[in-house]
Amino acid sequence: MLASNYADRLNPLLLACTEEGVLRTTDKGLTRVEVLPLASGAGPVAFSQSHVELAYTIASDGTAYGSTDFGATWTPGAVLRLPSAPRG
């Protein structure tokens, strides 16, 4: 499972779920960094359509993870809330 983020059109960001966790690349896959090691594996992974810095994944054991920094770091059990619209 892959998730792509084209906020930077010259260097698209890709996240990949594997049997060992989540990998991240910022150079079109030439190099990859394991950003979320998971013994049970991960999948699926996705970026928010409206807030491109937010990413989500589910571990194979059912734990939800969230990222607020384009998938660089992850928080278990995170429910990432979008900023609320001003009320007027």
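Bear in mind that the values in this text are calculations on the coordinates, not laboratory data. Given the structure is predicted, the values throughout are model-derived calculations rather than measurements. Note that we place each Cβ from the backbone using ideal geometry, even for glycine, and neighbour counts take in every protein chain shown.
Taking Arg32 as the residue in question, decide whether it is under 18 Å from Pro76 (Cβ atoms), out of contact with any Asp or Glu (no Cβ under 7 Å at 6 or more places or on another chain) and among the basic types (Lys, Arg). Criteria not met by Arg32. Filter the stretch 49-60 down to the residues that are within 16 Å of Met1 (Cβ to Cβ) and not in a strand (DSSP E or B) and list them by number. Passing the criteria: only Ser60.
The residue that is farthest from Leu10 (Cα to Cα), counting only those in the stretch 20-62 that are surrounded by 13 or more Cβ atoms within 10 Å (Cβ to Cβ) and β-branched (Val, Ile, Thr), is Ile58.
With respect to the conditions (1) part of a loop (DSSP other than H, G, I, E, B); (2) of a type in the set (A, V, I, L, M); (3) over 13 Å from Ala3 (Cα atoms), Leu36 falls short on a single one, namely (1). I need the full set of residues from the stretch 15-33 which are out of contact with any Leu (no Cβ under 6 Å at 6 or more places or on another chain) and not in a loop (DSSP other than H, G, I, E, B), in order please. Leu15, Cys17, Thr18, Leu23, Val33, listed by residue number.
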